[in-house]
Every structure is written in structure tokens, then in C-alpha cells.
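Data block below; observations after.
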Amino acid sequence: MLSLQNASMRFGPRVLFEDANWLITPRERTALVGGNGAGKSTLMKLLAGDESVGQLDRGQIERTRGLSMGYLPQDGLRMTGRTVFEECLSVFDELRSMHAELEELAEALATLDHEGAEYTAAAERFSLLQSRVQLLDGYALDAQVGNVLSGLGFDKIDWARGTEEFSGGWQMRIALAKLLLARPNLLLLDEPTNHLDLETRNWLEEYLRNYPFGYILISHDRYFLDVTVDRTVELWNKRLHIYAGNYSKYLQARDERRTQLLSAYRNQREQIEHLEAFIQRFRAQATKAKQVQSRIKELERIERIEIPDEEPVVHFRFPQPPPSGRVVASAQALSKQYGTKEILRNVSFTIERGDKIALVGKNGAGKSTLIKLLIGAEPPSVGKIELGHNVLAEYFAQDQYKVLDPKETLLGSISRAALRIPEVELRSLLGCFLFSGDDVFKPLGVLSGGERNRFALARILVSPSNFLLLDEPTNHLDMRAKEVLLEAIENYSGTVIFVSHDRYFLDRLATRVLDVNDGEVTSYPGSFPEYLRDREAAENAAAPTTQLVAAASVAKSIAAAPAAPILQSQSSATVRRLNPIRLRQIEDRCAFLEEEVPRLEAAIATTEAELARFISAEATQRQAVLMEELKSQLAAATAEWEEAMLLLEEQSNSV
């Protein structure tokens with residue numbers, strides 16, 4: 001579909017990449033990875049055709065004709081003037097215009113002379129448009145939009161709100177919804193999980209796994225990459241390195257490749273030093289002139305292996321705090337209300353020393369409120385919270401940057417919070433959180449909100465408190481900073497309660513889970529994967545009970561209506577009769593699909609024959625894309641036909 005050929009690009013004096021080659025296939029499911037500042041977002045914009053990043057210095061990008069792409073940047077998109085639902089429906093403007101034309105044609109057909117040429121032309125146009133709309137699933141646009149909006153966390157009440165009412169994070173969700181609904185051949189998503197909670201992230205993972213076309217992702221969410229990609233492209237050492245497998249497999253293969261590269265570099269250095277020593281030793285001897293010239297030419301022919309400076313691996317440990325009592329905090333009959341809105345209701349639990357507790361639940365369930373109650377930032381409406389003996393609490397909020405002194409420098413502020421930690425170690429820690437060199441002397445007031453939050457988290461790591469309450473600590477962190485934070489908390493002897501939407505972070509860290517849902521808090525002992533298994537088992541166990549209750553309800557309603565006609569079979573009692581108009585629509589749709597399936601099968605056979613005859617790489621790529629689309633359409637048409645036939649059979653049996 002798309003290819004980079006011998007591509008090179010500079011950003012000012014710095015080379016981002018050179019001689020890059022990358023063939024992007026129709027079913028591409030790839031992670032684009034690399035260090036901060038390596039040029040990932042720039043490369044993504046180049047692939048998307050964004051002219052704001054300039055042009056390649058050398059090489060070219062080739063796109064197959066008819067390729068559709070959708071690009072989601074990290075931020076900066078804003079929509080106004082329409083409701084959320086209307087904004088998402090706008091991606092179907094072509095289909096909606098077809099619907100409008102169909103209505104006009106239907107009105108015309110009702111008045112035109114059936115024997116006239118104008119009627120014939122209108123009927124042919126109506127049939128053509130109707131087939132096109134059916135093929136594109138154009139009769140279910142509202143359902144498609146509703147499904148995606150619900151998956152991305154929009155309540156139905158939000159669908160009618162204006163887009164301008166939503167914050168930047170929700171604006172990016174709307175932009176993502178539009179891309180997913182448009183279903184381009186290639187999705188380019190730069191940090192798509194930045195503004196998503198855990199439930200929404202899980203939905204997006206499942207959506208991408210079932211996406212019929214290709215996509216390329218940039219993300220700092222390791223678990224998300226592991227479950228959504230099967231190839232990893234690394235931008236490192238000014239080159240593109242392509243690895244088969246997800247992110248975890250890439251890490252293993254990368255370490256092996258870099259070990260081999262380092263070994264080759266050392267061998268080459270030994271060879272170069274040997275040649276240089278020979279040349280230096282015998283340069284002045286006339287009898288060795290021929291050998292010396294031979295060694296000089298050999299030295300010139302060597303293509304030097306470059307080893308870039310690696311970011312130092314930082315292992316940071318919290319200053320170990322004084323021990324607290326066994327019970328760190330307890331809640332008794334706790335309730336919290338804001339006006340008439342009840343957030344928490346009659347909640348009781350105990351937190352013990354050494355617990356590392358994950359607070360989970362949907363957005364707005366009350367996780368942040370519960371943390372504020374624990375730290376004393378909010379008073380309870382009913383009940384009480386008590387901290388245990390010798391508990392020293394430290395709180396990291398999502399807007400922690402607001403409490404920092406904007407006049408202080410980064411190094412000055414963190415030095416004041418640290419106890420007996422050398423400056424060199426503090427500067428290494430700040431480097432992990434993307435503050436290096438002279439950045440450490442900047443006043444906090446010149447930093448963005450995200451940068452100040454990153455600094456606030458680094459500052460908490462040097463705190464001597466024994467009870468940490470962390471609300472979304474992984475926001476704005478790259479994978480390197482997350483690893484530093486994760487390792488520090490794993491080795492921390494105090495107690496931690498945290499909210500996070502990063503699945504890898506949750507899996508590694510949580511020793512216990514508190515599930516906040518519908519005003520209640522349920523405690524699950526064990527790790528986060530164990531919590532998910534327990535919850536799934538409970539849901540599966542409840543499902544048969546729900547079905548029995550439904551069956552009992554049907555039986556009760558039948559028994560209560562003795563005057564109703566006796567049905568021929570028990571199964572037909574649950575069949576809902578369709579009105580004649582709807583039944584006729586299903587019969588027409590079934591007839592259309594019976595013609596459509598053979599047509600698609602014939603088109604697939606023709607495309608397979610064309611694929612067998614090689615004309616050019618571009619033509620082969622186009623045919624491969626067409627083949628994937630036809631197979632997807634055939635599977636959908638076959639499934640819809642089977643469902644329609646089953647429904648018609650049920651209607652027939654229920655008569």
C-alpha cells in the first residue's frame with residue numbers, strides 16, 4: 001500500500017533517519033518505537049502526508065492509487081458547531097447524500113409514467129444507489145456511530161451535546177471515533193490511548209484486533225502494543241530496524257541485535273587498530289611501502305560501525321520511610337455526596353502496611369474522590385476515615401502541578417524535598433523524566449502542565465512518606481520513566497494506593513484491587529490478572545441465573561393469560577412477530593444477498609486470477625487490498641443472509 005524507499009531526513013543539523021526502507025502491507029499491524037526525540041511522530045506525519053514537517057532530503061514515499069489513510073495526532077484537534085453524534089455522522093456524508101437522492105427518486109417514481117423513458121432511468125438509478133448503500137451497510141449508520149461512541153466512553157446523554165463543550169482529551173476521543181467509523185485502508189495513530197480509561201482502552205484493543213485493514217501505532221503503553229501488533233519498527237541509530245512480533249518479542253530481539261552489533265563493533269575496532277599500528281610502524285620503510293599502501297586502502301574501504309550513546313539505565317530507590325502501624329487506613333460506613341449526586345455509599349475497608357492497591361472502575365465512578373477522602377482533601381458526607389499510627393501520607397493528583405512554586409527551579413525544588421540524596425543522583429532521576437542538561441535550572445513556571453506533572457511525580461519519589469496515594473501517575477510518562485517508577489515502587493517498603501489505566505503497570509504492581517462501581521467498593525485480594533479472572537467467573541456464574549429468571553418471567557406471563565391462543569411449540573412462544581412492512585424488507589434484503597454472494601465470489605475468483613499474473617509491485621498491492629475488501633464483504637454478506645433466513649424461518653414456524 002505504501003513504501004519508504006532510501007528515505008533520509010534531517011531536522012536542523014540532526015539526522016533523524018537515513019536510507020530508510022519500509023514496505024507497508026495491506027494488513028499492517030505495526031508499532032513504531034524509538035527513544036524520545038528519535039523522530040517517530042515526524043515519520044508518522046510524513047507517512048500521513050502532513051506537509052507541516054517538510055519533505056524528505058533524499059528518497060521517496062510511494063502510495064498506491066486509491067489508498068485511504070486516517071491520521072490521529074497526539075493532540076491539537078478541536079471541533080465546534082455540531083453535536084457529537086452529528087460530527088461522527090459527518091464521515092458518512094457521501095452515504096447520506098445517497099439516502100437523500102434515494103428519497104427524491106422514490107418520490108419521482110411515484111408520480112412518473114411507468115411506461116416512459118424517464119421512469120426507466122430513475123428506476124435504474126434507484127436500484128444502483130440502493131445496491132451501493134446496502135453494500136456499504138448504509139442502512140445502519142446510526143447504529144455504527146452509537147457503537148463506537150459507547151465503546152469510547154460517551155454516554156448517550158453526551159451524544160446530543162455540542163463538541164465545543166468537551167475538553168481536549170474528549171475532543172481527541174471524538175477525532176478517534178471519526179477515524180474508526182471512516183475505516184480507512186491504513187490507520188496512523190500517535191498515542192491513541194493517552195486520553196482513554198482502562199475500559200475504553202480494552203474496547204479499542206478489541207476493535208483493532210478485528211479491524212479489517214492495516215494500522216501503525218505509536219504508544220507508551222506496553223500492554224496495549226503487546227496485544228494489538230505483530231510487527232515492530234524501531235527508529236534507532238538513524239536507521240529503521242524491522243522486527244517480527246509484538247513489543248515484548250521486539251525487546252528480546254533488540255537486545256540480541258545490539259549485542260551482535262557491539263561485538264561486531266569491537267571486532268572492527270581491533271581490526272582498525274591493527275591496520276593503523278602496521279601503517280604507523282612501517283610507514284617510513286621503503287621496503288614495506290607496498291604493504292603499507294595496501295593497508296591504507298583496506299582501512300579506507302572499511303564501513304565504520306557506529307554505536308550511538310545509549311541513555312543511561314537508572315535504578316532509583318525511594319528513601320525508605322519510617323514504618324507505620326499495621327493498619328494504615330480504615331473506612332467505616334463511608335458515604336460521599338455532591339449535592340444530590342451520590343458518589344460513594346456505605347463503604348468500609350481496611351488498608352494494611354505494605355499493600356499495593358489498585359483502584360479500578362469507570363471514569364466518574366469515584367476513584368479520585370476516594371483518594372481525596374483518604375488524604376483528607378475532601379470531608380466525608382457520612383462515616384469516617386482514620387489513618388493509622390505513624391502514617392505519613394503523600395498525594396499525587398492529576399493536577400499536582402498547581403501546588404508547585406512557579407518561581408523555583410527544578411533542581412532547587414527537588415533538592416529541597418530530598419533528604420541526603422546527592423545532586424548527581426537527583427539529576428539522573430530528572431533525566432529519566434525528560435529533564436536533562438540545562439533544563440534542570442528552568443523555573444517551574446515556564447513548563448507546560450504535563451511537564452510540571454512529570455516533575456511533581458519525580459519529586460514525590462524522593463519523599464520520605466510511608467503512604468503514597470497516586471492518581472494517574474503514568475500520564476505523560478514514556479516507557480523509560482514508567483520503568484523507573486515501577487521499579488522504585490516495587491522496592492518501596494511503604495504502602496501504595498494508586499489509580500492507573502496502564503495495564504502493564506497494573507499487572508506488575510498491584511497486590512490487591514479495590515473495585516469502585518455504582519457507589520460501592522469491593523475488595524479483591526491478589527494481583528490484577530487474578531481480579532479480572534475472578535470478575536469474569538462471577539459474571540459467567542450470574543449469566544445462567546439471569547437466563548432462568550427471564551424464562552420464569554415468560555412462563556409466568558403465559559400462565560397469567562389463559563385466553564391467549566395456544567402456540568404450536570414452546571420455542572415459538574418467544575418469537576416476536578414482525579409487521580408486514582418489516583417482513584417484506586427482510587425478504588427483499590435476503591433476495592438481494594442471494595444475488596450479491598455469487599457476485600462477490602466471482603469477483604474474488606477474478607482477483608485471484610489477476611494476482612497470479614505479475615504486472616508490477618504496485619498492481620499486486622492494489623489487487624491484494626481489493627482481495628481483502630472482497631473477502632470481508634463476502635463474510636459479512638454471508639453472515640447477514642444466514643441471520644435473515646433464520647429470522648424468516650422463525651416467522652414462518654410461528655404462524
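The values are calculated or read from the model by the stated rules, or taken from the named source; none is laboratory data. Remember, it's a predicted structure, so these values are computed and weren't measured experimentally. A quick note on method: Cβ atoms are made from the backbone with ideal geometry, for glycine too, and the neighbour counts reach across all protein chains shown.
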### Query
From E595, E640, which residue is modelled with pLDDT of 75 or more and loosely packed, with under 15 Cβ neighbours inside 10 Å?
E595
### Query
If you check I581, I604, I615, I558, which single one turns out to be surrounded by 12 or more Cβ atoms within 10 Å (Cβ to Cβ) and modelled with pLDDT under 70?
I558
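So that you can scan it fast, the table gives a plain yes or no per residue for (1) out of contact with any Ser or Thr (no Cβ under 9 Å at 6 or more places or on another chain); (2) surrounded by fewer than 22 Cβ atoms within 10 Å (Cβ to Cβ):
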| position | (1), (2) |
| --- | --- |
| P184 | no, yes |
| L196 | yes, no |
| E199 | yes, yes |
| E205 | no, yes |
| I216 | no, no |
| D226 | no, yes |
### Query
Which one is farthest from Y247 (Cα to Cα), of the residues in the range 13-47 that are in a strand (DSSP E or B) and β-branched (V, I, T)?
V15
### Query
Taking the range 328-354 only, how many residues are outside any strand (DSSP E or B) and in contact (Cβ under 8 Å) with a residue 24 or more places away in the chain?
2
## Note on the structure
Counting only residues in the range 474-517 that are in contact with a Gly (Cβ under 9 Å, 6 or more places away or on another chain) and among the acidic types (D, E), the one farthest from S368 (Cα to Cα) is identified as D478
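Each row is one residue, and each column tells you yes or no for (1) in contact with a Ser or Thr (Cβ under 9 Å, 6 or more places away or on another chain); (2) modelled with pLDDT under 85.
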| site | (1), (2) |
| --- | --- |
| I24 | yes, no |
| A38 | no, yes |
| L43 | no, no |
| G59 | yes, no |
| R63 | yes, no |
| G66 | no, yes |
| M79 | yes, no |
#### Entry: Scope the range 227-241; condition touching a residue at least 24 places away in the same chain (Cβ under 8 Å) and either more than 17 Å from L4 (Cβ to Cβ) or part of a helix (DSSP H, G or I) (or both); matching residues
T228, V229, D230
### Failed condition for L109, given (1) closer than 30 Å to N363 by Cβ; (2) assigned to a helix (DSSP H, G or I)
(1)
#### Entry: Residue satisfying all of: in the range 123-178; in a helix (DSSP H, G or I) and of a type in the set (S, T, Y); surrounded by the fewest Cβ atoms within 10 Å (Cβ to Cβ) among these
S127
### Task
Would you be able to say whether some residue in the range 428-435 is surrounded by fewer than 17 Cβ atoms within 10 Å (Cβ to Cβ) and without any contact (Cβ under 8 Å) to a residue 60 or more places away in the chain?
no
### Message
From the list Y250, Y207, exactly one residue is more than 30 Å from V148 (Cα to Cα) and at pLDDT 90 or above. Which is it?
### Response
Y250
### Of residues in the range 475-493 being over 19 Å from R512 (Cβ atoms) and in a loop (DSSP other than H, G, I, E, B), the one modelled with the lowest pLDDT
H476
